[in-house]
Amino acid sequence: MNVLIIGSGAREYALGLAFTKDRNCDKIYFAPGNGATTKLGENLAITDYDQLSDFAISNQVELTVVGSEEPLTKGIVDLFRAKNLTIFGPTQAAARLEGSKSFMKNFLARHKIPTARYTETDDPKVAADFIETLNAPIVVKADGLCAGKGVIIAQTREDARAAASDMLSGESFGSAGRRVVIEEFLDGFELSVFAITDGESFVTLPACQDHKRLLTGDLGPNTGGMGAYAPTPLANSLLIKKIEDRVIAPTIAGMKSEGTPFEGVLFCGIMVVRGEPYTLEFNVRFGDPECEELMALLETPATELFFKAASGRLGEVTPRFSAKTAVGVVIASRSYPYNTSKPAPIVVEDGAENENAHIAYAGVTNDGDRLMASGGRVMVCVGLGDSVATARNNAYDLVKKVHFDGMQFREDIAYQALI
Ligand code: AMP
Ligand code: GLY
């Protein structure tokens, strides 16, 4: 089977790695891929989705997997399906679960799915009145996509009112902030829980924890994610069952009943407060860097899992995952997440990668035969082990064997599992 993977990050690299391990996978194309995905398959320079779908037809691509949300919210799945191509991901209508926070919150309310108490509005008076009913801290969110920056946790009511009116005036986030969601602050620990679904049935993947802040100790600005691990011992089977019964199942049933069945991977951002799960957000794709750990643990052939999920036959497959733990440490370039960084040559010591440690590459380019760190998140060092501690040691041993100018990483990935 020929496979096309859409995206250019370590998430897409990790999906590619999973397909290379599958004997049923013949050829992998990446669009656009990165400077290291060329080791796994062929990069395509085609950016137009219509042209990509034509490429898929003429090159016998039997399965396309979409990594990031942007092509999904733009309707790549609808376009491929219209040409009878098999593609893993939600339609444009179903991808709204990620694109709009007010749509998502109202969906949760309609289907009685637990989430923080909230109001959503474009009226500063309504926002201010609701803020009066909450105790600080208070969470103020811009409605639209703001690259992870549209969430303010205000420490006083006054700050919350100011944040809401700055958003509503268009000052802080432009049109993405013209509607806001105001919600109560939930004090607990976060999980990333993924369910693969064909719109009817679903399978839950090992629960992950991400580390969104840039710096060790959960300090600094939010990022796309500086490391993750799975499975986390913070989620026992009782908690997973609650998340399945109260969040995942009603979401899949609700999307179907509203005429926009959700297919692909549903990413539930969960806050656990005193043992009870609340939905913080949905994403309509794999998390990055969570996907890198999940794919390292996946034992079921990737073509079987993703092809069946994408063709309404998920019931025929029970995915198997290794009993090990995977810990992924992101190495980013100097100016991440603020600015681009000057390209720097990467040196990976000989023998650094082994069966318990490997790299998933993201922001890399080629300069002749040198691999260059080209900015942003550059790679994820994934360690595997029989315990969280061993997996983490294997990940950090690999980090020590990677060198490039300006590299930065957190030193405490998976700390919540090791306290
Ligand atoms: P979101 O984009 O909605 O997932 O929010 C980004 C981050 O803000 C989350 O990962 C949480 O760490 C934090 N956050 C969002 N909503 C809340 C809330 N109601 N209570 C506490 N923290 C929150
Ligand atoms: N790691 C969080 C995300 O992909 O949004």
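Membrane-span-like helices in the chain, defined here as complete DSSP H runs extending at least 30 Å along the helix axis by their C-alpha atoms with mean Kyte-Doolittle hydropathy no lower than -0.5, are absent; this is a sequence and geometry rule, not a statement about a membrane.
Label segment 131-270 by shape, choosing from rounded, prolate and oblate, from the square roots a ≥ b ≥ c of the eigenvalues of the Cα gyration tensor; if a/c is under 1.5 it is rounded, and otherwise prolate applies when a/b is larger than b/c, oblate when it is not.
Since a/c reaches 1.5 and a/b is larger than b/c, the shape of segment 131-270 is classed as prolate.
If only the Cβ of Lys and Arg carry +1 and only the Cβ of Asp and Glu carry -1, the dipole of segment 336-419 around its Cα centre is close to 320 debye. Ordering Pro32, Ser58, Phe103 by Cα displacement along the dipole of the chain toward the positive end leaves Phe103 in first place; charges were set at the Cβ atoms of Lys, Arg (+1) and Asp, Glu (-1).
Annotation: amide H-H contacts under 5 Å for Gly227 (H modelled 1.01 Å from N, sequence separation of 5 or more, or interchain): His211, Val330.
Restricting segment 299-396 to chymotrypsin sites (Phe, Trp or Tyr not before Pro) that sit in a DSSP loop and have at most 14 other Cβ atoms within 10 Å of their own Cβ leaves Tyr338.
Placing dummy labels 7 Å off each Cα toward the beta-carbon, the span from Leu219 to Asn135 is 2.9 nm.
Could you pull the accessible area for Arg320 with a 1.4 Å probe, rounded to 10 Å²? Result for Arg320: roughly 130 Å² accessible.
Residue separation of Glu171 and Asp26 scaled by 0.36 nm, minus their Cα-Cα distance, works out to 47.2 nm of gained length. Seen through its C-alpha gyration tensor, with square-root eigenvalues sorted a ≥ b ≥ c, segment 169-224 comes out oblate because a/c lies at 1.5 or above while a/b is not bigger than b/c. Using a probe of 1.4 Å, the accessible surface attributed to Asp369 totals some 150 Å² when neighbouring protein chains are kept in position. So how strong a dipole does segment 147-285 carry about its Cα centre when Lys and Arg Cβ are +1 and Asp and Glu Cβ are -1, to the nearest 20 debye? Result for segment 147-285 is approximately 100 debye, rounded to the nearest 20.
The Cα center of segment 390-419 and the Cα center of segment 191-257 differ in position by 22 Å. Glu70 versus Phe185, label points 7 Å from Cα toward the beta carbon: distance in nm? My value for the distance between the label points is 3.4 nm. In the context of the full protein assembly, Thr223 retains an accessible surface of approximately 20 Å², using a probe radius of 1.4 Å and ignoring ligands and nucleic acids.
In whole Å, how far is the Cα centre of segment 266-284 from that of segment 95-174? Centre-to-centre distance over Cα atoms comes out at 17 Å.
Potential lengthening of the chain between Ala109 and Leu418 amounts to 107.7 nm, from the contour at 0.36 nm per residue minus the alpha-carbon distance. Fully extending the segment from Asp122 to Asn354, taken as 0.36 nm per residue of separation minus the present Cα-Cα distance, adds 78.2 nm. Think of segment 237-371 as having a plus end and a minus end, set by charges on the Cβ of Lys, Arg, Asp and Glu; of Ala362, Cys291, Thr251, Thr251 sits farthest toward the positive end of this dipole.
Could you compute the FRET efficiency for Glu299 and Val347, with r as their C-beta to C-beta distance and R0 at 30 Å, rounded to 0.05? For R0 = 30 Å, the calculated efficiency reads 0.40.
Can you work out the base-10 log of I(q)/I(0) for segment 1-99 at q = 0.16, 0.22, 0.25 1/Å, using the Debye formula on its C-alpha atoms alone? Log10 I(q)/I(0), no solvent term: -0.61, -1.13, -1.39. Quick check: from the Cα gyration tensor, does segment 337-385 come out rounded (a/c under 1.5), prolate or oblate? Note, shape of segment 337-385 comes out oblate. For the chain, a simple Cβ point-charge model (Lys and Arg +1, Asp and Glu -1, everything else neutral) yields a dipole of about 340 debye relative to the Cα centre. Between Glu42 and Ala82, the C-beta separation translates, for a Förster distance of 25 Å, into a calculated FRET efficiency of about 0.50.
The values are calculated or read from the model by the stated rules, or taken from the named source; none is laboratory data. Just so it is clear, the model here is predicted, and its values are computed rather than measured. All Cβ positions, glycine included, derive from the backbone under ideal geometry; neighbour counts span all protein chains shown. The protein model used for the area step is the full one, side chains on, heavy atoms only, and it has no ligands, DNA or RNA in it. Shrake-Rupley method; radii C 1.70, N 1.55, O 1.52, S 1.80 Å.
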